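Structure, as structure tokens:
The values are calculated or read from the model by the stated rules, or taken from the named source; none is laboratory data. On a predicted model such as this, the values are computed, not experimentally measured, just so you know. All Cβ positions, even for glycine, are placed from backbone atoms using ideal geometry, and neighbour counts span all protein chains on display. Please note that ligands, DNA and RNA were not included when accessible areas were found on the heavy atoms of the full protein model with its side chains. Shrake-Rupley method; radii C 1.70, N 1.55, O 1.52, S 1.80 Å.
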Amino acid sequence: LRRKKIDEAFYEELEEILIGADVGVTTVMRLTDELREEVRKRKIEDASDLQPILSEKLVALLREGADEGLRMAESGTTVILFVGVNGVGKTTTIGKLAHRFKSEGKSVLMAAGDTFRAGAIDQLEEWGRRVGVEVVKQQPGADPAAVMYDAIRAAKQRGVDVLLCDTAGRLQNKTNLMEELNKIYRVIQREMPGAPHEVLLVLDATTGQNALSQAKLFGEKSGVTGIVLTKLDSTAKGGIVVAIRSELKLPVKLVGLGEKMDDLQEFDAEQFVHALFAGAIDKEAEAGSAG
Amino acid sequence: MAAFESLTSRLQSVFGKLRGKGKVTEDDVNEAMREVRLALLEADVNFKVVKDFIARVKERAIGQEVVKSFTPGMVIIDIVNKELTELMGGTQAKLAKAAKPPTVIMMAGLQGAGKTTASAKLALMLQKGGHKPLLAACDIYRPAAIKQLQVLGGQIGVPVFSLGDKVNPVDIARQALQHAKDEGRDYLIIDTAGRLHIDEALMEELRQIHEGVKPDEVLLVVDAMIGQEAVNVAQSFHEQLELTGIVLTKLDGDTRGGAAISVKAVTGCPIKFVGMGEKIEPLEPFHPDRMASRILGM
Ligand SMILES: Nc1nc2c(ncn2[C@@H]2O[C@H](COP(=O)(O)OP(=O)(O)OP(=O)(O)O)[C@@H](O)[C@H]2O)c(=O)[nH]1
Ligand SMILES: Nc1nc2c(ncn2[C@@H]2O[C@H](COP(=O)(O)OP(=O)(O)OP(=O)(O)O)[C@@H](O)[C@H]2O)c(=O)[nH]1
Ligand SMILES: [K+]
Ligand SMILES: [Mg+2]
Ligand SMILES: [Mg+2]
């Protein structure tokens, strides 16, 4: 932030940065109200003292629950279910995560639960070839719950460490498709007590306010436990996860940073918050060097 | 989602307070404008675009009817609606047509936006209109991207030109054009790989495809759920490719779709079509008035 004094213009600039990062206007107004309160209480006068306070607040909020990483089964197979709207990066993230578990020496199996989209099974199989992991599949058009049933049986039989379950993308307002997802979820629960150990909602960082509705409705139908924020290699900031974290308490567990198998990282709250303000800091540097 | 209040009820609560006071003041209009701003931001319209828009609407509102009106809320909604519709309107959803066929249409956009699906829908639309489209598979990067297009082409009975994933997309596009000419196909639809607007190498590839086939139509495919970044994305693609139109996808969802305004505002390109589902059905024309109501939550 460029400004030195805490005035209305300062708050307005701050608001614009956060809204521009897709944090969402309601959350932004709540955050700035809290900041105003803080300024009054602590008698803060300099803007440079306020910025770290806001950053710390955001980091604390986002860090909660994200630090622990993925929840793994104490013994036997860990089952991770991937859900989300169309085209966000579910299948790609599964490929990347399979690669990561493999390189940790774990045995991995993938379930081709997207039997709907053209080429979806082939896409997962191609990832399977790349990272050396087998795919449990049926024909296109098959019942995805039946694929999950097969996959869990196979995982038990072979005693694999991790089973990664792909599902077809679906918009959260499509009742039938959401019920189909609910059935998938219940079959997994029924066939293996304790499973799924994680249900990861994949969110595209370029998404705006609709992500909140995604988190709510996918949560209701498939018991989402965490978020994977993909496409953070873009210029989008993915600020909507701040609103999701504060309203629904869902932590971001992983971030996607590209299309290759290594482009997956643990979520780093500090780095994320730094990037939220990065554009503004660049501007400051520019202004500094120009003046 | 219920969290969003419609602009109508927001403005009712603004002007409800005035009842009995009689006259609408400039302050009242300012308060109403704050509500309009909130509604647009909640709908994901870019904040800079919102700023310009509010300035324009306010001028119009203060300049005329509102102050004298007995129903100021209605007047403001009417002005906002008209301005939004105008902003998104303009040239209607008509595809360019080459003087000498084939007409070449190039699809571009971010990863997962819906390019491949929209390509197939466009092909189906043209085929139903009595044309003979050819699809070209120029995404050699995404696993099974070619297969996806081939399956979709198969479903609708439109041929797909592919040279596998070992040939440069620029060469695939050029050879597809030759193939379309040889086979008497009157439309060529080029599906390209998804890419970030900041990916220099891949944006250069798009420019080369453009150079190689001289498309009559360059369509940016945009996911209706996109947020504030829509302006940067659209601007970059427009600067590098001279877009001729926009396809807005996934409008069958419950998103407000404020990106429609952002994208139109920064490129000036008409939104030519919308995607309304995963199934391959013809693309649908864009209706600016319906979109305005949707964005405002009415
Ligand atoms: N730049 C970038 N692209 C990504 C990332 N993750 C996925 N993608 C790309 O986004 C597109 C969609 O990814 P998919 O994995 O097919 O998404 P999906 O959610 O499985 O899609 P559906 O199954 O169709 O709903 C592909 O082109 C991926 O290569 C990421 O972190 N960064
Ligand atoms: N509900 C809905 N889904 C859509 C629509 N258009 C595309 N999709 C879905 O969105 C996902 C991505 O679509 P694609 O056509 O593969 O997108 P793309 O831009 O070609 O993706 P990449 O090639 O990976 O960049 C798929 O699951 C499609 O079925 C639409 O209008 N509505
Ligand atoms: K980013
Ligand atoms: Mg997928
Ligand atoms: Mg594609």
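Assorted remarks:
- FRET E, pair B:Asp171, B:Gln235, Förster distance 41 Å, beta-carbon r, rounded to 0.05: 0.90
- Chain-alone versus full-assembly comparison, region B:205-239, residues with accessible loss of at least 50 Å² (1.4 Å probe): B:Met225, B:Gln228, B:Glu229
- Each Lys and Arg adds +1 at its Cβ and each Asp and Glu adds -1 at its Cβ; summed about the Cα centre, the protein assembly as shown shows a dipole of about 1240 debye.
- Scattering curve values for region A:1-118, log₁₀ I(q)/I(0), Debye with Cα scatterers, q = 0.11, 0.15, 0.21 Å⁻¹: -0.63, -0.82, -1.18
- Length released on extending from A:Glu8 to A:Lys249, taking residue separation times 0.36 nm less the Cα-Cα span: 83.7 nm
- Accessible surface of chain B, 1.4 Å probe, proportion on carbon and sulfur as whole %: 50 percent
- Mean separation of Cα contacts under 8 Å, 6 or more apart, over the residue count of region A:14-170: relative contact order %: 28 percent
- For A:Glu125, the solvent-accessible surface computed with a 1.4 Å probe is close to 50 Å², ligands and nucleic acids excluded.
- Residues of region A:158-207 whose accessible area, computed with a 1.4 Å probe over protein heavy atoms, drops by at least 30 Å² once all protein chains are present relative to their chain alone are A:Leu171, A:Asn173, A:Lys174, A:Thr206.
- Mean residue ellipticity, 222 nm, helices only, chain B: the sum of -39500 (n - 2.57) across DSSP H runs of n ≥ 4, divided by residue count and rounded to 500, is -15500 deg cm²/dmol.
- Dipole-positive endmost among B:Gly212, B:Thr25, B:Val266 within the protein assembly as shown (Cβ charges, Cα centre): B:Thr25
- Rounded to the nearest 20, the Cβ-based charge dipole of region B:189-298 about its Cα centre (Lys and Arg +1, Asp and Glu -1) stands at 440 debye.
- Test item: Cα-centred dipole of chain B, Lys/Arg +1 and Asp/Glu -1 on Cβ, debye: 640 debye
- Additional length obtainable on full extension of the chain from A:Asn176 to A:Glu37, 0.36 nm per residue less Cα span: 45.4 nm
- Build a GNM of chain A with springs between Cα atoms under 10 Å apart, and of A:Thr78, A:Thr230, A:Thr26 the one that fluctuates most is A:Thr26.
- In the context of the full set of protein chains, residues of chain A present 42 Å² of accessible surface per residue (probe radius 1.4 Å, heavy atoms only).
- Solvent-accessible surface, computed for protein heavy atoms with a probe of 1.4 Å, shrinks by 50 Å² or more for the following residues of region A:229-263 when the other protein chains are added to the isolated chain: A:Thr235, A:Glu259.
- Taking chain B and dividing mean pair separation by its residue count, relative contact order in percent (alpha carbons under 8 Å, at least six apart): 25 percent
- Relative contact order of chain A, pairs being alpha-carbon contacts under 8 Å that are 6 or more residues apart, as %: 25 percent
- Taking the three principal axes of the alpha carbon atoms in chain A, the coordinate ranges are 65, 37, 36 Å, sorted in descending order.
- Distance distribution P(r), the protein assembly as shown, all Cα-Cα pairs, bin width 10 angstrom from 0: 3, 16, 25, 25, 18, 9, 2, 0 percent.
- Average accessible surface for region B:154-270: 35 Å² per residue, computed with a 1.4 Å probe over protein heavy atoms with every protein chain in place.
- Between chain B and chain A, roughly 3300 Å² of accessible surface gets buried, counting both sides and using a 1.4 Å probe.
- In chain A, the DSSP-assigned H stretches of four residues or longer account for a calculated mean residue ellipticity at 222 nm of -16500 deg cm²/dmol, using -39500 (n - 2.57) per stretch and the full residue count as denominator.
- Rounded to the nearest 10 Å², the accessible area of B:Phe47 at probe 1.4 Å: 40 Å²
- By accessible area, using a 1.4 Å probe on protein heavy atoms only, region A:1-123 has 47% of its surface on carbon and sulfur.
- Binned Cα-Cα distances of region A:107-193, short to long, each 5 Å bin given as a whole percent: 3, 15, 26, 25, 19, 10, 3, 0
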